[in-house]
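Visitor: Dropping a structure here in structure tokens format, bear with me for questions.
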Amino acid sequence: MSSDWPRVRLHVVTGKGGTGKTTVAASLALALASQGKNVLVCEVEGRQGLARMFDVDPLPYAETRIATGLRTGPDGAGTRPGTVHALHIDPESALLEYLAMYYRLGRAGKALDRFGVIEFATTIAPGVRDVLLTGKVFEAVQRNSRNKGAIQYDAVVLDAPPTGRITQFLNVSDELAGLAKVGPIKSQADTMMTLFRSPRTAVHLVTVLEEMPVQETADGIEELRAAGLPVGGVIVNLVRPRDLPDDALALAAAGKLDKEAVRAELDAVGVSTTKTLVDGLAAEARDHAERRALEESQRALVDQLGVPTYELERLAGGIDLGGLYDLAATLRDQGLA
Amino acid sequence: MSPAGPRQGRVGPLAAHPGESPALDVDALIDDPQTRIVVCCGSGGVGKTTTSAALALRAAERGRKVVVLTIDPARRLAQSMGIEELDNTPRPVADVDATAGGSLDAMMLDMKSTFDEVVLSQATPEKAKAILENPFYIVLSTSFAGTQEYMAMEKLGQIHADAQERGTYDLIVVDTPPSRSALDFLDAPERLSSFLDGRFIRLMLAPAKGPAKLMTAGLGLVTGALTKVLGAQVLTDLQTFVAALDTVFGGFRARAQRTYALLQAPGTAFVVVAAPEPDALREAAYFVERLNGDRMPLAGLVVNRASPEPRGKLSAEEALAAAERIEARRSAGATGELTAGLLRLHADRMRSLAREAALRARFTAAHPGVATAVVPALASDVHDLRGLRRVGELLARR
């Protein structure tokens, strides 16, 4: 299946806390890499979630190779897989690198550090922190001659801040508007905005089929659109397995499952049945039906968002590296990568 | 060699096999008149807001005069509690059972106006105006990472002082912001203080005084560099902002320290909220360690959204094997689609349970003695008082 986003160079992955945005970012990077692309996945919240996900040492402020894409095609002889590099961006290092790259400040750069300006700028100066983080992401997407010997990536995936903050995070020129109306920072921010607003960027939102995350996703999409930022797809994560047929769901919800038939069938395959066991299974089915109904109503809302959607199943055993490749294959098959 | 030398395979005295953690007695906590403040903390998306609202409602219906300070409740929950408006004032929640003599007020934090109020209370009107209009202040008060945390603590301090003075409430339940890390809000007052004491700020305030004189050459370099990067206007705004804020900072710092002391006081109890997921429990573990380190009183851990215990005894492996046997019979024409589905569903739940139990055991091994309440996942979202009551019952169930 071909990608729904062939022109996108920067994939921004956001989502409400707890919906699995890092998992999706990591599997999207793997999925892109399995199509022969060289991918950089960036983390900006200091959590080292990517390192844990890929089971590697905490990431430094340096592009580190962490994985290779899946081999595709018959006998794995298809496209030569690309690589996944990861980068942990912290604002202090980004600022120092930026100053060195653009201003050749030399002594003044050191003085800035000595006088606590770096600390000030990155901890409290409003908006600056975000601009530094997005600035480094921008640099990775749009490499120029200033960064000598740097790897050229075919795609960059950003494990971004949560949905509630994403528009503000990407909307760097607005964030700085109150502070810098003219000057070099302003023009830098404007150049960044041109990329973020272009079809080369897509902001994907991760949600689960629960009321609050879906509501936040809808709000997030509205905010992104209002700010002129390109909305990508919605990735519905942690979807419950569909083990029960629809008619059985309805019966289970109404508490009208044919317990005698279930008991007979269990007996027939040698499960020693008790009333407790059969009642327990029926109760589990009822719970499941109730949740599925809730999921369906939320899914209907997601469908109304008017953006492409992708679905990842809940893995009962949790996520490990194998699980990530599994999710990557699903995302690729569905066309996110 | 340890004194227990001959006993082979003995683990060191600091390592222990995971035992059962003690149960968190929620009712004893909220019924105790000595408990004045309950702070619910944990990483984002673990049900902190619901837990704090449920605790507050339960305490109120058991006779406490409660106010709950929430940060960002789901819309329908906010509506059901009557706090859709962001007006920074606690409002009574309707339909709370007051037969035990308690009451419940609720409010949603308005970060910006809380910050504005502090400035207004600390500065002269002219100075306050200059600060409130400064572009740096506007961004700082609306979007600085940490402002929300700091303001939540500030508001807690205000409500507490007010409650002491006028006897309005005898229990304050606080929900903490969905921070990047659960630790952020504890650090917020400290971070503000250290910001105020930062070299750069002092430099901006008194460029020609005392020892700073020696650094004037360096300062020239710094301002030169800043002007080059930021532009001259930004620097002027920044200087105005810093100078103006300096006058109110003394007050700020004292308040931040008072709030911090309040959090260490015996009447405060921290409830760490988590979900049975590796990330959430890791955050919870950090938090437990941090609270111990800062001598903050930890009441216990609430694990939300746990898979409910099944009633029958049938392992995941048995269930899957039976499902396969049914499928085999089906391909030979027998019925059993439903039963096979039920078995797979059951296996799924058993596997989740096993995973969650392993995660909790890991937590308990590293943090023995942390009282824990496990709340099973509800089949539907909580968005009314009835749902909150149900969560309260589950929290208190031992």
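The values are calculated or read from the model by the stated rules, or taken from the named source; none is laboratory data. A quick note: this is a predicted structure, and the numbers were derived from the prediction, not measured. A quick note on method: Cβ atoms are made from the backbone with ideal geometry, for glycine too, and the neighbour counts reach across all protein chains shown.
Visitor: Kindly evaluate residue B:51 against the criterion of being at pLDDT below 90, hydroxyl-bearing (Ser, Thr, Tyr) and under 26 Å from residue B:167 (Cα atoms).
Guide: Against the criterion (at pLDDT below 90, hydroxyl-bearing (Ser, Thr, Tyr) and under 26 Å from residue B:167 (Cα atoms)), residue B:51 does not qualify.
Visitor: Applying the selection to the range A:50-70, what residues are within 11 Å of chain B (Cβ to nearest Cβ) and either among the basic types (Lys, Arg) or under 19 Å from residue A:169 (Cβ atoms) (or both)?
Guide: Selection gives A:52 alone.
Visitor: Can we say residue A:44 is modelled with pLDDT of 80 or more, crowded, with 22+ Cβ neighbours inside 10 Å and in contact with a Phe, Trp or Tyr (Cβ under 7 Å, 6 or more places away or on another chain)?
Guide: Criteria not met by residue A:44.
Visitor: Go through the range A:259-275 and count every residue that is exposed (fewer than 14 other Cβ atoms within 10 Å of the Cβ) and within 43 Å of the chain's Cα centre (by Cα).
Guide: Here the count works out to 0.
Visitor: I've got another one for you. Of all the helices (runs of 4 or more DSSP H) wholly in the range B:108-157, which have at least 1 residues that are within 14 Å of another protein chain (Cβ to nearest Cβ) and among the charged types (D, E, K, R)?
Guide: Counting at least 1 such residues, we get B:111-122, B:125-133.
Visitor: Another question about this same structure. Filter the range A:19-49 down to the residues that are touching a residue at least 60 places away in the same chain (Cβ under 8 Å) and either of a type in the set (D, E, K, R) or within 12 Å of chain B (Cβ to nearest Cβ) (or both) and list them by number.
Guide: Matches in the range A:19-49: A:19, A:20, A:21, A:22, A:23, A:37, A:43, A:44, A:45, A:49.
Visitor: Moving on to the next point. Tally time: how many residues in the range B:339-367 are buried (at least 22 other Cβ atoms within 10 Å of the Cβ), more than 26 Å from residue A:253 (Cβ to Cβ) and either small (Gly, Ala, Ser) or within 10 Å of chain A (Cβ to nearest Cβ) (or both)?
Guide: Residues in the range B:339-367 being buried (at least 22 other Cβ atoms within 10 Å of the Cβ), more than 26 Å from residue A:253 (Cβ to Cβ) and either small (Gly, Ala, Ser) or within 10 Å of chain A (Cβ to nearest Cβ) (or both): 0 in total.
Residues are listed down the side, and each one gets a yes or a no for (1) out of contact with any helix residue (DSSP H, G or I) (no Cβ under 6 Å at 6 or more places or on another chain); (2) part of a helix (DSSP H, G or I):
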residue	(1), (2)
A:247	yes, yes
A:250	yes, yes
A:271	no, no
A:287	yes, yes
A:295	yes, yes
A:310	no, no
A:331	no, yes
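Visitor: Follow-up. In the range A:283-299, is there at least one residue being facing chain B (nearest Cβ under 7 Å) and touching a Gly at 6+ places or on another chain (Cβ under 7 Å)?
Guide: No; the residues of the range A:283-299 include none that is facing chain B (nearest Cβ under 7 Å) and touching a Gly at 6+ places or on another chain (Cβ under 7 Å).
Visitor: Here is a check on your reading of the model: is residue A:315 within 14 Å of chain B (Cβ to nearest Cβ), buried (at least 17 other Cβ atoms within 10 Å of the Cβ) and either over 16 Å from the mean Cα position of the chain (by Cα) or part of a helix (DSSP H, G or I) (or both)?
Guide: Answer is yes for this residue.
Visitor: Which condition from (1) modelled with pLDDT of 70 or more; (2) within 13 Å of chain A (Cβ to nearest Cβ); (3) in a helix (DSSP H, G or I); (4) closer than 30 Å to residue B:90 by Cβ is the one that residue B:177 breaks?
Guide: (3)
Visitor: Do we find a residue being over 21 Å from residue A:5 (Cβ atoms) and not in a helix (DSSP H, G or I) anywhere in the range A:216-237?
Guide: no
Visitor: Of all the residues that make up the range B:52-71, how many are out of contact with any helix residue (DSSP H, G or I) (no Cβ under 7 Å at 6 or more places or on another chain) and either closer than 20 Å to residue B:273 by Cβ or without any contact (Cβ under 8 Å) to a residue 24 or more places away in the chain (or both)?
Guide: 3
Visitor: For the range B:303-336, what are the residues that are of a type in the set (A, V, I, L, M, F, W, C) and touching a residue at least 40 places away in the same chain (Cβ under 8 Å)?
Guide: Once the filter is applied, which keeps residues that are of a type in the set (A, V, I, L, M, F, W, C) and touching a residue at least 40 places away in the same chain (Cβ under 8 Å), the range B:303-336 yields B:303, B:306.
Residue-by-condition table, conditions (1) within 14 Å of chain B (Cβ to nearest Cβ); (2) closer than 27 Å to residue A:99 by Cβ; (3) modelled with pLDDT under 95:
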{"site": "A:167", "(1), (2), (3)": "yes, no, yes"}
{"site": "A:193", "(1), (2), (3)": "no, yes, yes"}
{"site": "A:199", "(1), (2), (3)": "no, no, no"}
{"site": "A:207", "(1), (2), (3)": "yes, no, no"}
{"site": "A:229", "(1), (2), (3)": "no, no, no"}
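Visitor: Right, here's the next one. Within the bounds of the range A:294-308, is there any residue that is farther than 24 Å from residue A:234 by Cα and in contact (Cβ under 8 Å) with a residue 12 or more places away in the chain?
Guide: No: the range A:294-308 contains no residue that is farther than 24 Å from residue A:234 by Cα and in contact (Cβ under 8 Å) with a residue 12 or more places away in the chain.
Visitor: Looking at residue B:370, is it part of a loop (DSSP other than H, G, I, E, B), touching a strand residue (DSSP E or B) at 6+ places or on another chain (Cβ under 6 Å) and either in contact (Cβ under 8 Å) with a residue 24 or more places away in the chain or more than 12 Å from chain A (Cβ to nearest Cβ) (or both)?
Guide: yes
Visitor: Scan B:247, B:236 and give me the residue that is among the polar types (S, T, N, Q), modelled with pLDDT under 70, surrounded by fewer than 20 Cβ atoms within 10 Å (Cβ to Cβ) and in a helix (DSSP H, G or I).
Guide: None of the other options fit; the residue is B:247.
Visitor: A further question on this structure: Filter the range A:54-88 for residues that are modelled with pLDDT under 90 and surrounded by 18 or more Cβ atoms within 10 Å (Cβ to Cβ) and give the result.
Guide: A:69, A:70, A:81, listed by residue number.
Visitor: Taking the options B:108, B:151, name whichever one is in contact with a strand residue (DSSP E or B) (Cβ under 6 Å, 6 or more places away or on another chain), closer than 30 Å to residue A:44 by Cβ and free of Cβ contacts under 8 Å to residues at least 60 places away in the same chain.
Guide: Only one candidate qualifies: B:108.
Visitor: Another question, then. Has the range B:80-102 got at least one residue that is within 14 Å of another protein chain (Cβ to nearest Cβ), farther than 27 Å from residue B:35 by Cβ and outside any loop (DSSP other than H, G, I, E, B)?
Guide: Checked the range B:80-102: no residue is within 14 Å of another protein chain (Cβ to nearest Cβ), farther than 27 Å from residue B:35 by Cβ and outside any loop (DSSP other than H, G, I, E, B).
Visitor: Within the range A:24-38, which residues are surrounded by 24 or more Cβ atoms within 10 Å (Cβ to Cβ) and in contact with a Ser or Thr (Cβ under 7 Å, 6 or more places away or on another chain)?
Guide: Across the range A:24-38, the qualifying residues are A:33, A:34.
Visitor: Let me ask something else about it. Say whether the condition of being away from every other protein chain (no Cβ under 13 Å), within 27 Å of residue A:317 (Cα to Cα) and within 23 Å of the chain's Cα centre (by Cα) is met by at least one residue in the range B:286-294.
Guide: Within the range B:286-294, one or more residues are away from every other protein chain (no Cβ under 13 Å), within 27 Å of residue A:317 (Cα to Cα) and within 23 Å of the chain's Cα centre (by Cα).
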